[in-house]
Amino acid sequence: MKILNFGSLNIDKVYKVKHFVRPGETIFSKEYQCFPGGKGLNQSIAAARAGVPIYHAGTIGPDGRFLAELLKESGVDTRYLRENGSITGHALIQVSEEGENCIILFNGSNYENGREFINQVLEDFGEGDILVLQNEISNLPYLLEKGAAMGMRILFNPSPMNESLKKTDLSGVTWLMLNETEGNDITGASDPDRITEILLEKYPQMKVILTLGRKGAVYKSAEECVYQPCFPVNAVDTTAAGDTFTGYFIAAIVEGKTMQEALRLAACASSITVSREGAAVSIPERTLVDERVRQLDKGN
Ligand code: RIB
């Protein structure tokens, strides 16, 4: 069984601000940093740091070579990563004093994943393999459709949400990993129980993982419902917290952990990420996460 993440790679330009800029306002930023990021890249790095072999497919421009280097250093297989002449995708991120963020995305090379390239990559994968997807690259509906037709098990993170995604057929998705806002956009409901209920009514085969921010996360399938509280932490920067959760969750299911163990591991890893600055660079190694889980088990 192989894991392929067909996902975005971004250069994150991060500005510390007192508050998010408002319409018509110009604000000063007292601190600027440039980090590797992109939901795709972050999730691949999280899975690799959690200890599972993962392939990352996607497109960068020459300015994004350091992203490829970081993936390799983190243990991600980059044989399906392509460089073309365009500008690498980037994200303009404001981080407030409370550690919250808001993001503007520039698609760049993330929108140059054509069908021919996708077909070439997918040729090396098959039934039972896991395909990890987010909504930051071109041809997402094609990938969802083709992956499902091939019998791949799809873990889909519908982030960032947009109009076309609200209408996308998710019947080929095995695991849907989303937050409350995305759940509300897809189902129209705001209550977490109602969100999972509507999704399972429409897609009975689906396993839904709904992250609830400070309230934790809930897993719901036709057979099982598991709740995981979040671990309190001093939040410095929430960027990539969800991506860390996703990567560690993938590792846990591949390792055959119970759902309670999987959610606990993922929540613990993501609590470490929010206590650090940056996206990919803030994702912890497995040894640290396991140590933290052991401390939590002892009640420390
Ligand atoms: O999920 C965090 C990521 O979202 C950032 O790294 C940024 O690149 C955006 O894609």
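Would a scan of segment 280-293 turn up a residue that is under 26 Å from Asp193 (Cα atoms) and either free of Cβ contacts under 8 Å to residues at least 60 places away in the same chain or among the aliphatic types (A, V, I, L, M) (or both)? Within segment 280-293, not a single residue is under 26 Å from Asp193 (Cα atoms) and either free of Cβ contacts under 8 Å to residues at least 60 places away in the same chain or among the aliphatic types (A, V, I, L, M) (or both). Mind listing whichever residues of segment 195-237 are assigned to a helix (DSSP H, G or I) and among the small types (Gly, Ala, Ser)? The answer is Gly213, and nothing else.
When you scan segment 181-194, how many residues do you find that are more than 27 Å from Leu9 (Cβ to Cβ) and either within 16 Å of the ligand (Cβ to nearest atom) or out of contact with any Asp or Glu (no Cβ under 7 Å at 6 or more places or on another chain) (or both)?
8
Note on segment 2-35: among residues that are in a strand (DSSP E or B) and under 14 Å from the mean Cα position of the chain (by Cα), the one that is farthest from the ligand (Cβ to nearest atom) is Leu4.
In segment 73-105, which residue that is in a strand (DSSP E or B) and of a type in the set (D, E, K, R) is farthest from the ligand (Cβ to nearest atom)?
This residue is Asp77.
When segment 208-233 is filtered for residues that are open to solvent by 30 Å² or more (accessible area, probe 1.4 Å) and either at positive phi or under 15 Å from the mean Cα position of the chain (by Cα) (or both), the ones remaining, listed by number, are Thr211, Gly213.
Restricting the first member to segment 72-96 and to residues that are under 14 Å from Ile45 (Cα atoms), and the second to residues that are open to solvent by 50 Å² or more (accessible area, probe 1.4 Å), the beta-carbon pairs closer than 6 Å and six or more apart or on different chains are Thr78/Lys72. The single condition among (1) surrounded by fewer than 23 Cβ atoms within 10 Å (Cβ to Cβ); (2) within 16 Å of the ligand (Cβ to nearest atom); (3) of a type in the set (A, V, I, L, M); (4) modelled with pLDDT of 95 or more that Val236 does not meet is (4).
So which of Ser164, Ser171 ends up being part of a loop (DSSP other than H, G, I, E, B), free of Cβ contacts under 8 Å to residues at least 60 places away in the same chain, surrounded by fewer than 19 Cβ atoms within 10 Å (Cβ to Cβ) and among the polar types (S, T, N, Q)?
Within the list Ser164, Ser171, the selection yields Ser171.
Across segment 133-156, the qualifying residues are those that are within 15 Å of Asn10 (Cβ to Cβ) and open to solvent by 10 Å² or more (accessible area, probe 1.4 Å), and the one among them that is nearest to the ligand (Cβ to nearest atom) is Glu136.
So how many residues does segment 254-264 have that are touching a residue at least 60 places away in the same chain (Cβ under 8 Å) and either in contact with a helix residue (DSSP H, G or I) (Cβ under 6 Å, 6 or more places away or on another chain) or in a loop (DSSP other than H, G, I, E, B) (or both)? Give the derivation first.
Of all residues in segment 254-264, those touching a residue at least 60 places away in the same chain (Cβ under 8 Å) come to 254-255.
Going one step further and asking which of them are either in contact with a helix residue (DSSP H, G or I) (Cβ under 6 Å, 6 or more places away or on another chain) or in a loop (DSSP other than H, G, I, E, B) (or both), we end up with 255.
The number of residues fulfilling the criteria is 1.
Of the residues making up segment 278-299, those that are assigned to a loop (DSSP other than H, G, I, E, B) and open to solvent by less than 70 Å² (accessible area, probe 1.4 Å) are Gly278, Ala279, Ile283, Pro284, Gly299. Taking segment 1-15 as the range and being more than 15 Å from Ala91 (Cβ to Cβ) and of a type in the set (Lys, Arg) as the test, only Lys2 passes. Note on segment 36-70: residues that are surrounded by 23 or more Cβ atoms within 10 Å (Cβ to Cβ), within 14 Å of the ligand (Cβ to nearest atom) and among the hydrophobic types (A, V, I, L, M, F, W, C) amount to 5. Considering only residues in segment 17-30 that are modelled with pLDDT of 95 or more and in contact with a strand residue (DSSP E or B) (Cβ under 8 Å, 6 or more places away or on another chain), the one that is farthest from Gly151 (Cα to Cα) turns out to be Ser29. The listed residues are Ile195, Ile186, and the only one of them that is farther than 24 Å from Gly99 by Cα, surrounded by 18 or more Cβ atoms within 10 Å (Cβ to Cβ), under 19 Å from the mean Cα position of the chain (by Cα) and touching a residue at least 12 places away in the same chain (Cβ under 8 Å) turns out to be Ile186. Condition first: surrounded by 15 or more Cβ atoms within 10 Å (Cβ to Cβ) and under 16 Å from the mean Cα position of the chain (by Cα). Can you find one or more residues in segment 77-88 that meet it? Looking through segment 77-88, none of the residues is surrounded by 15 or more Cβ atoms within 10 Å (Cβ to Cβ) and under 16 Å from the mean Cα position of the chain (by Cα).
The values are calculated or read from the model by the stated rules, or taken from the named source; none is laboratory data. Predicted model only: the values in this text are computed from it and were never measured. Counting neighbours? That spans all protein chains shown, and the Cβs are built from the backbone with ideal geometry, glycine included. Just so you know, the surface numbers come from the protein's heavy atoms only, side chains and all, with ligands and any DNA or RNA stripped out. Shrake-Rupley method; radii C 1.70, N 1.55, O 1.52, S 1.80 Å.
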